[in-house]
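Heads up, the thing below is written out as structure tokens.
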Amino acid sequence: MVTTTYQVQGMTCGHCVSAVSAEVGAIPGVNDVQVDLAAGRVSVTSEQPLDENAVRAAVDEAGYELLGA
């Protein structure tokens with residue numbers, strides 16, 4: 001298992017947490033998603049390291065901006 005933490009900009013509420021969790025959680029191989037709203041961080045646990053572009057696309061689909069790992 002691999003856990004990677006990403007910085008995400010624009011999350012302000014519980015709906016933001018749900019949207020990001022759902023989109024990132026739908027990436028193949030993702031086992032768990034934890035969102036720290038106050039810090040703007042998303043920790044993703046997956047079977048293998050994820051392609052950052054896939055994470056960026058999922059965060060974008062949720063309506064937020066991935067600043068990087």
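Only one entry in VAL20, VAL8 is hydrophobic (A, V, I, L, M, F, W, C) and assigned to a helix (DSSP H, G or I), namely VAL20. Of the residues GLY63, GLY25, which single one is exposed (fewer than 15 other Cβ atoms within 10 Å of the Cβ), free of Cβ contacts under 8 Å to residues at least 40 places away in the same chain and of a type outside the set (A, V, I, L, M)? Sole residue among the options that is exposed (fewer than 15 other Cβ atoms within 10 Å of the Cβ), free of Cβ contacts under 8 Å to residues at least 40 places away in the same chain and of a type outside the set (A, V, I, L, M): GLY25.
Kindly establish whether VAL30 is touching a strand residue (DSSP E or B) at 6+ places or on another chain (Cβ under 9 Å), free of Cβ contacts under 8 Å to residues at least 24 places away in the same chain and of a type in the set (A, V, I, L, M). For VAL30, the condition - touching a strand residue (DSSP E or B) at 6+ places or on another chain (Cβ under 9 Å), free of Cβ contacts under 8 Å to residues at least 24 places away in the same chain and of a type in the set (A, V, I, L, M) - is met.
Bear in mind these aren't lab numbers, they're just calculated from the coordinates by the rules spelled out. Since this is a predicted model, take the numbers as computed values, not measurements. When we count neighbours, we look across all protein chains shown, and the Cβ atoms used for this are built from the backbone with ideal geometry, even at glycine.
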